[in-house]
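So the structure is just underneath, and the comments pick up after that.
The values are calculated or read from the model by the stated rules, or taken from the named source; none is laboratory data. A quick note: this is a predicted structure, and the numbers were derived from the prediction, not measured. Cβ sites come from the backbone with ideal geometry, for glycine too, and all protein chains shown count toward neighbours. Note: areas computed on protein heavy atoms with side chains; ligands, DNA, RNA excluded. Shrake-Rupley method; radii C 1.70, N 1.55, O 1.52, S 1.80 Å.
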Amino acid sequence: MNTEMRFHLEAHIEELISQGVPPEEARKAALKEFGNLEFHKEECRDAWHTRFLENLVRHLRLAGKQMLRNKGFTLIAAMTLALGIGANTAIYSLANSVLFRPLAFPDSQKIVFIKEWHERFTDFSVSYLNFRDWHDQQSSFTSFALYRGQGYNLIDQGEAHRLRGYSVTHEYFEAFQADPIIGRLFTPEDDQPSAKPTAVIGEQLWRNRFNARETIIGETINLTGELFTVIGVAPGIYPIDSRDVFTPLGLLTGEGQFTNRGSHPGFVVIARLKPDVSLDQARVDMQSIASRLEVEYPDSNTGWGVYMKLLEDQLFSNSKPALFALLAASSFLLLIACVNVANMLLVRAQGRREEFGVRSALGANKSQILGQLTVESLSLGVLGGAIGILLAGISTRWLKEIFGTALPRINEVQIDTSALLYLTIMSVITSFIFGLAPFRQTTQISQREALSSGLRTSESSQGRRWKSALIVTEFALTATLLVGAGLMLRTTAKLYQSDPGLEYDQRIMFSWSLYSSEYNEALKRIQITEQAKQSLKSIPGVGEVGIINPLPLSGSDTFSSYYVEGTPMPKTGEIVTVSRFWANNDFATAVGLKLRAGRFFTEFDTRESQPVAVIDSKFARQVFLDTDPIGRRINIDGGPPSDPNDWKTIIGVVEHVSQYGLTREAHKQIYVPITQESPRFVSFIMETNVEPMTLAKAIRKTMSNIDPNLPIQRLQPYDSLFERTISNERLLMQLLAILSALALTLAAVGLYGVLSYTVRQRTQEIGIRMAIGALPQTVRNLILSSGLRLAGIGLFIGLLASLGLSRFLSKMLYDVSEFDAVSFVMVAFVLGMVGLFACWAPAYRATRIAPSLALRGE
Amino acid sequence: MGNKSNNLLLGALEMLILKALAIEDRHGWGIAKRLKQISNGTFSLNVGSLYPALYRLEKKGFVKSYEAISEKGRDARFYKLLSKGRKQLEDQQANWKEFSAAVEAVMLSDG
């Protein structure tokens, strides 16, 4: 095209020259006649429809200019979008890492989590003998492993450290198809009672304690007094990385709990499905084995089935409702941000009608104007997205911090490619959403209309309807967000008000393990525990010292069967279990556990005195109904004791403790004195009259003096345990509160902006009204009511929608109805106040319009 | 898309171009020169209307362009009238005769 025109030009010049015109003049004349070369080129390209790229560049340049010219507008719009996009991306990253991204093992959706099932418990730990039968008879899995949590004391350079470990059968790592970082993992030979003790250590422990030393392989480590040879390092991938050390389960199989089919000592099965077997097929396989075992061993197996789930579902199902709620909430925020920007663009489009009018008068067609608007909103979206990445990066780091250990895999959370892709898509989609709004309006202007000046003060009723609809949408979305936050706020408040059965404030705790051959004798344990208690009590600031196992509010249990004297023997297959605790005599006072009847243990309940037990109110209610339990006798672990002296006499009834936290019901409980049955693992809970953690140093020193080889762990304020039980609800509440606060701000800004604009548009009308005698109040109320009407309609729609949406939160609510009137009224009030606040300034400004000024106007 | 009189003028321009190509293939400059020549200088075609019109005609399939060497030995783009274009030219020519005759009749009447 270029050459063709140049040819034309040159031919023209040549002709002029041949007619005798001097070359320079000929050139000038030809050029003059030719006109603007560039302009012609453009027209030709138009005809060719090849202008797309050039158009894009031009649109971009124009958009850039436009953005720079209105720096304030651009900044606010981009920040608004960035807020929405950033929050959304951060939450998405969180959800993606925790929920959607598969575990980092090959075919991780083939890994299955299996426990036993009973209608009373849903999931229950596996009996070792049942595992053996399952293992040998199943045909659905390639590897079928058993594991159990196992704590160890690592004695390293004279210092004791508590390690969290797993005792596993050799197929454990095969089920994950995990490869060692160095060394090797377990073989069947390692997994024998007679095998030389070996251990696989976790990557974290290897790096932190052994400085990633490769020579660790073949070295021996002292685990709770026994020497283990380190054979390998396991990869630090969730869930394997939640453990420091792994030892073969086979080393222990000589012990009694492995030979009693009715004993369920904390085992869990992890297995890998064969490639062509589905979970449902495997379930059928497992159920049929369980049914056979029920027939074969009616005493121990009646009523017992199989509980199985994909490992990923098992791990993440608890966090799902909260994360989905957050995902929805942050999407709402993004929508609100879009709506706000759409509104801003709409207002601006009004101001740009002239510009577009002139453009179309000069020959721009609809598609060119649409192109321009699209490019402008896309640029805005991209700018918003870019700032959004920054915000997402910052908030992801922050989310990681506040979620701490409340979510599995939180360490893996990051803004990765999928999050970036998500962000890009979000930016583009949002650009279109907010960019489309002004289009119709801008292109409907006729050229004549645009060029005549009277237009500036009037606005099409359609434009006004659009803006009103956007404000209503914003308030509706904000209302639903607020309802969500309100419901969670009420839930959290209820949780704090509720009584978990004991007091947790102003207390410090730690756990102490007595797994050492030195303390194999119960008497030794009783003595050293008593000695520890006395030393701790002498620390200034420490009040009563409670000793307990398992730790209340921690969620762990020790289930024992029991038999109450004088009651019928339990039928075959009937499960009578109680959650058993070992406590010292000061435990009840140390944690403020209320006594309902009788007495708690005293120093006179010793090995020599009659065996005693204290039950909780739930036990009393369920087992003894209306009768007095005090003085009744009970045996734990089995039927009537062979030696009548072993009967335990119930001496008191205490409050029920919410062992799993307030949101899940706990089993009935029974306490026995540690002086009569001495556990190897105990926790200390101490009352303090100073800030609990100021005592940490003194406690460490005291305990180290008692026995430097016995590590203490989890030294922390006791209330952090309670906080942990409600952390999901509290976090969801906090995040929803933040999201809805942002939404509220955006909605208020949106309403304010539109109303201010309306007032400016109606300056003349208001001026006339005032000139003919309208009172300032009348004018103010006129503006106020027009704004509040929109807010009100939005609020109403939002509350209606919330009635449907809050259902999705119901799993997270505690003692609060999903239709909780308090929350709804609270939301209505807050949103109403914010609406009023946003309307006030424009309404006030309207009353200040001087009639003379307004009328002079044009 | 513009109004009727615009269309008429545009149509006339295209008709003139087609006519210029009826005898032989020409390049843009040739077409402009030829039209100027025949009309005794009345139709001095503006580059800004000539080339867009040519591209439109090519798009409609009335003419076809090709590269060739000009009479002065330079690379140039020539335009060739296609049969569809020739048919169009005939139609337009007939219409034009009717139209101009009508205009003439009106203009020569006593009003």
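The alpha carbon convex hull volume per residue for region A:730-770 rounds to 47 Å³. Mean separation of Cα pairs under 8 Å and 6 or more residues apart, divided by the residue count, gives chain A a relative contact order of 16 percent. The ellipsoid that matches the Cα gyration tensor of region A:575-689 has semi-axes, each √(5λ) in whole angstrom, of 21, 19, 14, with the longest given first.
For B:68-74, what's the mean count of beta carbons from other chains sitting within 10 Å of each residue's beta carbon?
2
Computed over chain A, the per-residue total of -39500 (n - 2.57) for DSSP H runs of n ≥ 4 gives a 222 nm mean residue ellipticity of -17000 deg cm²/dmol, rounded to 500. Evaluated with a Cβ-only charge set (Lys, Arg +1; Asp, Glu -1), region A:140-195 carries a dipole of roughly 240 debye about its Cα centre, given to the nearest 20. Here is the list for region A:593-690: chymotrypsin sites (Phe, Trp or Tyr not before Pro) lying in DSSP coil, each with at most 13 other C-beta atoms within 10 angstrom of its C-beta, are A:Phe604.
Each residue, A:Gln734 and A:Gln177, gets one label point 7 Å from its Cα in the Cβ direction; the gap between the two is 3.9 nm. What angle do you read, to the nearest 10 degrees and between 0 and 90, between the alpha-carbon axis of helix A:417-443 and the longest principal axis of chain A? Helix A:417-443 and the main axis of chain A meet at about 30 degrees. Applying the criteria of a DSSP loop state and at most 11 other Cβ atoms within 10 Å to the GluC sites (Glu not before Pro) of region A:66-165 yields A:Glu119.
Name all residues of region A:92-132 having a backbone nitrogen under 17 Å from the label point set 7 Å from the Cα of A:Asp416 along its Cα→Cβ direction, giving them as ranges. Inside the label zone: A:92-110. Heavy-atom accessible area for B:Trp96, with the other protein chains in place and a 1.4 Å probe, reaches approximately 110 Å².
Place the peptides A:383-393, A:232-242 in order of packing, highest mean first, counting for every residue the other Cβ atoms within 10 Å and averaging per peptide. Could you put the intermediate results ahead of the total?
Values: A:383-393: 21.2, A:232-242: 19.5.
Output ranking for A:383-393, A:232-242: A:383-393, A:232-242.
Between the C-alpha center of region A:673-747 and that of region A:539-573 there is a gap of 21 Å.
Can you give the charge dipole size of chain A about its Cα centre, rounded to the nearest 20 debye, using +1 on the beta carbon of Lys and Arg and -1 on the beta carbon of Asp and Glu?
Using Cβ point charges on Lys, Arg, Asp and Glu, chain A gives about 3940 debye.
Summing charges over all other residues whose Cβ lies under 15 Å from the Cβ of A:Gly501, with Lys and Arg as +1 and Asp and Glu as -1, gives -1. Using the Cβ-Cβ distance between A:Val57 and A:Phe100 with R0 set to 35 Å, the FRET efficiency from 1/(1 + (r/R0)^6) comes to roughly 0.35. Backbone phi angles across region A:637-644, fed through the Karplus curve with coefficients 6.51, -1.76 and 1.60 (θ = phi - 60°), yield HN-Hα couplings of 6, x, x, x, x, 5, 9, x Hz in residue order; Gly and Pro are listed as x. Placing dummy labels 7 Å off each Cα toward the beta-carbon, the span from B:Arg74 to A:Asp156 is 8.6 nm. Placing a label point 7 Å from the Cα of A:Lys537 along the Cα-to-Cβ direction, the residues of region A:561-600 whose backbone N falls under 19 Å from that point are A:583-593, A:600. Stokes-Einstein, applied to the Kirkwood radius of region A:521-643 over Cα pairs at a viscosity of 0.890 mPa s and 25 °C, places its translational diffusion at 148 µm² s⁻¹.
Between helix A:461-497 and chain A there is an angle of about 10 degrees, using the helix long axis and the longest principal axis of the Cα atoms.
Assuming a ≥ b ≥ c are the square roots of the Cα gyration tensor eigenvalues, decide whether region A:329-370 counts as rounded (a/c under 1.5), prolate (otherwise, with a/b larger than b/c) or oblate.
Cα axes put region A:329-370 in the oblate bin.
Of all lysines in the structure, those lying under 26 Å Cα to Cα from A:Lys366, and not within fewer than 8 positions of it along the same chain, are A:Lys41, A:Lys65, A:Lys467, B:Lys4, B:Lys59, B:Lys60. Relative to the first principal axis of the alpha-carbon coordinates of chain A, what is the inclination of helix A:279-296, with its axis defined by its Cα atoms, in degrees from 0 to 90 and to the nearest 10? The angle comes out near 20 degrees.
Taken about its Cα centre, region A:474-624 carries a charge dipole of roughly 260 debye when the Cβ of each Lys and Arg holds +1 and the Cβ of each Asp and Glu holds -1.
Within the shell of other residues whose beta carbon sits under 9 angstrom from the beta carbon of A:Ile634, the net charge comes to +2, with Lys and Arg scored +1 and Asp and Glu -1.
With coordinates expressed along the principal axes, the C-alpha atoms belonging to region A:249-310 extend over 38, 29, 15 Å, beginning with the largest. For region A:94-153, trypsin sites (Lys or Arg not before Pro) are listed when DSSP marks them as loop and at most 14 other Cβ atoms sit within 10 Å of their Cβ; the list is A:Arg120. Which translational diffusion coefficient, to the nearest whole µm²/s, is obtained for region A:351-420 from the Stokes-Einstein equation, given a Kirkwood hydrodynamic radius over C-alpha pairs, 20 °C and 1.002 mPa s? My calculation gives 138 µm²/s for D. Note on surface exposure: A:Asp605, A:Asp719, A:Asp299, A:Asp107 rank A:Asp299, A:Asp107, A:Asp719, A:Asp605 by accessible area, highest first, 1.4 Å probe. Averaged over peptide B:56-63, the number of partner chain Cβ atoms lying within 10 Å of each residue's Cβ comes to 1.
When accessible surface is computed with a 1.4 Å probe, chains A and B are found to bury approximately 1800 Å² between them, both chains counted.
The Cα trace of region A:780-858 gives Rg and Dmax of 18.8, 63 Å, the first to one decimal, the second as a whole number.
Legend: P(r) of region A:119-303 from all alpha carbon pair distances, 5 Å bins from 0, whole percents, reading 1, 7, 15, 20, 17, 15, 10, 7, 4, 2, 0. Taking only the C-alpha atoms of region B:4-108, Rg followed by Dmax gives 14.4, 49 Å. Between A:Gln192 and A:Leu370, the FRET efficiency from the beta-carbon distance, with R0 = 60 Å, is close to 0.20. Based on every Cα atom in the protein assembly as shown, Rg and the maximum pairwise Cα distance Dmax equal 42.4, 144 Å. Reported value for region A:507-717: 131 Å³ per residue, from the convex hull of its C-alpha atoms. Rounded to the nearest 5, what is the percent of antiparallel bridges among the DSSP beta bridges in region A:507-717? So the antiparallel bridges in region A:507-717 amount to around 75 percent.
FRET efficiency for the A:Ala386 to A:Phe808 pair, using the beta carbon distance and R₀ = 35 Å, is estimated at 0.60. With coordinates expressed along the principal axes, the C-alpha atoms belonging to region A:668-726 extend over 35, 34, 20 Å, beginning with the largest. Out of the total accessible area of region B:4-108 (probe 1.4 Å, heavy atoms of protein only), what percent is carbon and sulfur? Percent of accessible area from carbon and sulfur atoms in region B:4-108: 57. Provide a list, ordered by number, of residues in region B:38-52 showing at least 30 Å² less accessible area with every protein chain present than when their chain is taken on its own, using a 1.4 Å probe. Buried on complex formation: B:Val47, B:Gly48, B:Tyr51, B:Pro52.
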